[in-house]
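Before any comments, here is the structure.
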Amino acid sequence: MRKFLDQKALHYVLAFMLTFGYVLSVTATDAKNQELITIKDAWVRPTNPGQEVGAAYMTFLSTQDATLIGVESDVTKSVEIHNMSMGNGVMKMRMMEKLPLVAGKPYKLAPGGFHLMLFDLKKPLNIGDQVNFALTFKSKNKHEFKQNIKVMVQSPAEASTTK
């Protein structure tokens, strides 16, 4: 009976160690992913009551080639990566499935260019509100990871002075 209890205890200890080791490896991986891509100068444009679309801007800097492949937010059901450009006096906007990031090259999402479109807003976005984003990236070795950020709603004038 004692041998059975010792074996059972050993199984529990091994299960605990494996679980704890897994948690440590996941934490180390998450920390490594956070260092892979730096996000700065992030802000969200305020909206008017009844406005169902918003926009978010930020700058990405990746230590290796990577790709932004998805974005989620707590203020909307749908976030898309968009590019805005002028051609023959006509403003054109198109959705992009992904946004490639080149190692060492800052990639700026800004008014009049690349940006995140927030569709079907749940409520107006007011100056001082905070918006949570979960950005999904794929590294050059095809590993997917999420990076969560909290972004303040600011007027364009405020955003340009806080950089």
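Things to note:
- The lone exception for Asp74 - which of (1) modelled with pLDDT of 95 or more; (2) within 15 Å of Lys138 (Cα to Cα) it fails: (2)
- Filter pass, Val75 being of a type in the set (A, V, I, L, M), crowded, with 18+ Cβ neighbours inside 10 Å and touching a Lys or Arg at 6+ places or on another chain (Cβ under 6 Å): yes
- The condition (being within 17 Å of Ile39 (Cα to Cα), exposed (fewer than 12 other Cβ atoms within 10 Å of the Cβ) and of a type outside the set (Gly, Ala, Ser)) is satisfied by just one residue among Lys92, Lys150, Lys123: Lys150.
The values are calculated or read from the model by the stated rules, or taken from the named source; none is laboratory data. Everything numeric in this text was worked out from a predicted model, so none of it was measured. Reconstructed Cβ throughout: ideal geometry from the backbone, glycine too, with neighbour counts over all protein chains shown.
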